[in-house]
Every structure is written in C-alpha cells, then in structure tokens.
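A short reminder: the numbers here are calculations on the coordinates, not readings from a lab. Values in this document were obtained by computation on a predicted structure and should not be read as measured data. Cβ placement follows ideal geometry from the backbone for every residue including glycine, while neighbour counts extend to all protein chains displayed.
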Amino acid sequence: MLKEFKTFIAQGNVLDLAVGVLVGAAFGKVVTAFMDDIINPVLGIAIGGVDFSALKIVLKAADPATEAAEVAIRYGGFLNVVIQFLITMWVIFLIVKAANKVKLSSSQAPKE
C-alpha cells in the first residue's frame, strides 16, 4: 500500500493540484486586499460614505443594561465575499481562456 501511495503522490496530477491550491490561496489574498483597499472605499463613496463591510440590518439592538449583544444580519460582509468570488472566477476564466487559445494555436501550428 505504501508503494501505491508513493506512485499516487509522484503522479503529475497530484503535484499540479498542490500547486494550484497554493496559487489559489495566494490569489485569494490578493483579491481580498484588492476588495478591502480599492473596491470597498469606492463603493462606500457611491453609497453615501458608508463602510461597505459594516452594512447590516439590526434585528435587535444591543441593550447595555442587560449586556445583551446586538442581533443583526451583516449583509455587507456577505456582499463583499460574493464580489471577491466573482472577481476570482473572472480572472480564472480569463486565464483558462488564454491557456486554451495558446493550446489551440500550438496544436494548429505547422509541424516541421
């Protein structure tokens, strides 16, 4: 079984997957920074100076007398994650599209 595991790990697909996961994690951090530092301030100005990530619907206000915490639906953070997801998927789409174009053009190139 150990020999099968070594063979499995040595296959290119597993290594490609590992590299893809690491690159994806790093790219996710880039997109998060892009959202936090560039997109959110612009959206905040567009919606009247409100911090986009702080948007929420308060269901029950905090009560200092009883020390009850606020109950709220924090939809701003959710929208932020959805926008990050869409940006990530768009960039991946563009990368795959470019890779497919290069692959197609190299397969159609005249062979010597």
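Annotations
- The length gained by stretching the chain between Q108 and L86 to full extension, at 0.36 nm per residue less their Cα-Cα distance, is 4.7 nm.
- Maximal additional length on extending the I38-A54 stretch stands at 4.2 nm, based on 0.36 nm per residue less the C-alpha distance.
- Structure-based [θ]222 nm, the chain - -39500 (n - 2.57) summed over DSSP H runs of at least 4, per residue, nearest 500: -22000 deg cm²/dmol
- Order of F34, F5 under a 10 Å beta carbon neighbour criterion, fewest first: F5, F34
- Estimated distance in nm for a label pair at E4 and A68, the labels positioned 7 Å out from Cα along Cα-to-Cβ: 5.9 nm
- Charge dipole (debye, nearest 20) of the chain; +1 at Cβ of Lys and Arg, -1 at Cβ of Asp and Glu: 640 debye
- Calculated FRET efficiency for the pair F27/Y75, C-beta based, R₀ 35 Å, to 0.05: 0.90
- Residue order, fewest to most surrounding Cβ atoms within 10 angstrom, among T88, T7: T7, T88
- Each Cα pair under 8 Å and six or more residues apart adds its separation to the average, and for the chain the resulting relative contact order is 17 percent.
- Dipole magnitude for segment 22-78: about 200 debye, using +1 per Lys or Arg Cβ and -1 per Asp or Glu Cβ, origin at the Cα centre.
- 3J(HN,Hα) from dihedral phi, segment 68-79, Karplus parametrisation 6.51/-1.76/1.60, rounded to Hz, x for glycine, proline: 7, 6, 5, 10, 8, 9, 8, 7, x, x, 5, 4
- Amide H to amide H distances under 5 Å link L55 with G76, G77, where only residues 5 or more positions off or on other chains count and H is placed in the peptide plane.
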